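Student: Please see the structure below; I have some questions.
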């Protein structure tokens, strides 16, 4: 493989927040949301310079350990070489550690930025290859797939890595995020899951996950039933008691609500114009969103 022919242009990448699992679709279903991180990168004669504004400012590394930089270096390795230096500027809107895909956004954004900076189109790193690289770094494809592709995605893993298909959710869908003031740890949440679950619970989740695909793309009136879960949310309750309580409160009021990803934020799948402010809970701020149909986008300038 020849060395990349780096562009002198500034590369700008916009990546959306995501919500994974959506109740029964553990590690497989995801939705892209119109809350964005923006990454600007350009070549430098040497070294690494990182600037961060917005979410994560003053908290994340400002050197080669920054996740965007690590993702770029990972992608450059697959593109045939590393540039001498990089300047990376991040303007973040996606809250960190809240179950809204901030790490997936950094990984996908870094890989897509590296591909663009290296002057490569999808002949070397097509969407399928980007998905495999991103999922390998993230550890699972449920967030990176909607971040890359937009819309509603179904992701799975085979021997050669991650795969995904993108579907268009119905237009009469208005996701509402109850963003937690506190943070969660994906590793902690995963550590609470049992090695085995009852066969009846697994069968119920399979049925609900299949129904959820239909509800999100054809008939949203089925979303309350379709978002029921027996596989992971209740097991994670000790790590996010307030989140599970909010999910139960919303569902009792007829609102299709789930833990967003590994939590502790909560996502409600409502109809446009539906007002949930009366169902707010202490420790959560409400943000009405839309589905992001574009996924990761690139511009130059």
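The values are calculated or read from the model by the stated rules, or taken from the named source; none is laboratory data. Quick caveat: nothing in here was measured; it's all calculated off a predicted structure. Cβ: placed from backbone, ideal geometry, glycine included. Neighbour counts: every protein chain shown.
Student: Out of all the residues in the range 212-224, is one or more out of contact with any strand residue (DSSP E or B) (no Cβ under 9 Å at 6 or more places or on another chain), closer than 20 Å to residue 274 by Cα, in a loop (DSSP other than H, G, I, E, B) and modelled with pLDDT of 95 or more?
Tutor: Within the range 212-224, one or more residues are out of contact with any strand residue (DSSP E or B) (no Cβ under 9 Å at 6 or more places or on another chain), closer than 20 Å to residue 274 by Cα, in a loop (DSSP other than H, G, I, E, B) and modelled with pLDDT of 95 or more.
Student: Return a yes/no flag: does the range 130-142 have any residue that is farther than 30 Å from residue 274 by Cα and not assigned by TED's automatic domain parsing to the domain that holds residue 56. Walk me through it before giving the result.
Tutor: Within the range 130-142, the first condition is being farther than 30 Å from residue 274 by Cα, and the residues that meet it are 130-141.
The next check asks that each one be not assigned by TED's automatic domain parsing to the domain that holds residue 56; those that pass are none.
Looking for residues that are farther than 30 Å from residue 274 by Cα and not assigned by TED's automatic domain parsing to the domain that holds residue 56, one finds none in the range 130-142, hence no.
Student: With respect to the numbered conditions (1) modelled with pLDDT of 95 or more; (2) surrounded by 14 or more Cβ atoms within 10 Å (Cβ to Cβ), which one is the sole condition not fulfilled by residue 186?
Tutor: (1)
Student: Quick one: residue 250 ticks every box in (1) assigned to a helix (DSSP H, G or I); (2) more than 30 Å from residue 56 (Cα to Cα) bar one, so which box is it?
Tutor: For residue 250, the exception is condition (2).
Student: Same structure again: Identify the residue in the range 82-100 that is out of contact with any helix residue (DSSP H, G or I) (no Cβ under 6 Å at 6 or more places or on another chain) and assigned to a loop (DSSP other than H, G, I, E, B) and, among all such residues, is farthest from residue 17 (Cα to Cα).
Tutor: 84
Student: Which residue, of 287, 251, 236, is under 23 Å from residue 182 (Cβ atoms), surrounded by 22 or more Cβ atoms within 10 Å (Cβ to Cβ) and touching a residue at least 24 places away in the same chain (Cβ under 8 Å)? Can you show your working first?
Tutor: On the way: 287 fails: surrounded by 22 or more Cβ atoms within 10 Å (Cβ to Cβ); 251 fails: surrounded by 22 or more Cβ atoms within 10 Å (Cβ to Cβ).
Criteria check complete, one pass: 236.
Student: Out of (1) touching a residue at least 60 places away in the same chain (Cβ under 8 Å); (2) under 18 Å from residue 247 (Cα atoms), the odd one out for residue 223 is which?
Tutor: The number of the failed condition is (1).
Student: Related question: Identify, from the list 25, 56, 30, the residue that is part of a loop (DSSP other than H, G, I, E, B), buried (at least 24 other Cβ atoms within 10 Å of the Cβ), touching a strand residue (DSSP E or B) at 6+ places or on another chain (Cβ under 8 Å) and in contact (Cβ under 8 Å) with a residue 24 or more places away in the chain. It would help to see each step written out before you state the result.
Tutor: On the way: 56 fails: buried (at least 24 other Cβ atoms within 10 Å of the Cβ); 30 fails: part of a loop (DSSP other than H, G, I, E, B).
25 is the lone residue from the list that is part of a loop (DSSP other than H, G, I, E, B), buried (at least 24 other Cβ atoms within 10 Å of the Cβ), touching a strand residue (DSSP E or B) at 6+ places or on another chain (Cβ under 8 Å) and in contact (Cβ under 8 Å) with a residue 24 or more places away in the chain.
Student: Return yes or no: is residue 273 at positive phi, without any contact (Cβ under 8 Å) to a residue 40 or more places away in the chain, loosely packed, with under 13 Cβ neighbours inside 10 Å and not assigned by TED's automatic domain parsing to the domain that holds residue 34?
Tutor: Working: at positive phi: yes; without any contact (Cβ under 8 Å) to a residue 40 or more places away in the chain: no; loosely packed, with under 13 Cβ neighbours inside 10 Å: yes; not assigned by TED's automatic domain parsing to the domain that holds residue 34: yes.
Considered against the rule, which asks whether it is at positive phi, without any contact (Cβ under 8 Å) to a residue 40 or more places away in the chain, loosely packed, with under 13 Cβ neighbours inside 10 Å and not assigned by TED's automatic domain parsing to the domain that holds residue 34, residue 273 comes out as no.
Student: Out of the strands (runs of 3 or more DSSP E) lying entirely within the range 106-180, which hold 1 or more residues that are surrounded by 24 or more Cβ atoms within 10 Å (Cβ to Cβ)?
Tutor: Numbers: elements: 152-158, 161-167, 174-180.
In the range 106-180, the matching strands (runs of 3 or more DSSP E) lie at 152-158, 174-180.
Student: In addition: Quick check on residue 110: is it at positive phi and touching a helix residue (DSSP H, G or I) at 6+ places or on another chain (Cβ under 9 Å)? Walk me through how you get there before you give the answer.
Tutor: Numbers: at positive phi: no; touching a helix residue (DSSP H, G or I) at 6+ places or on another chain (Cβ under 9 Å): yes.
In short, no.
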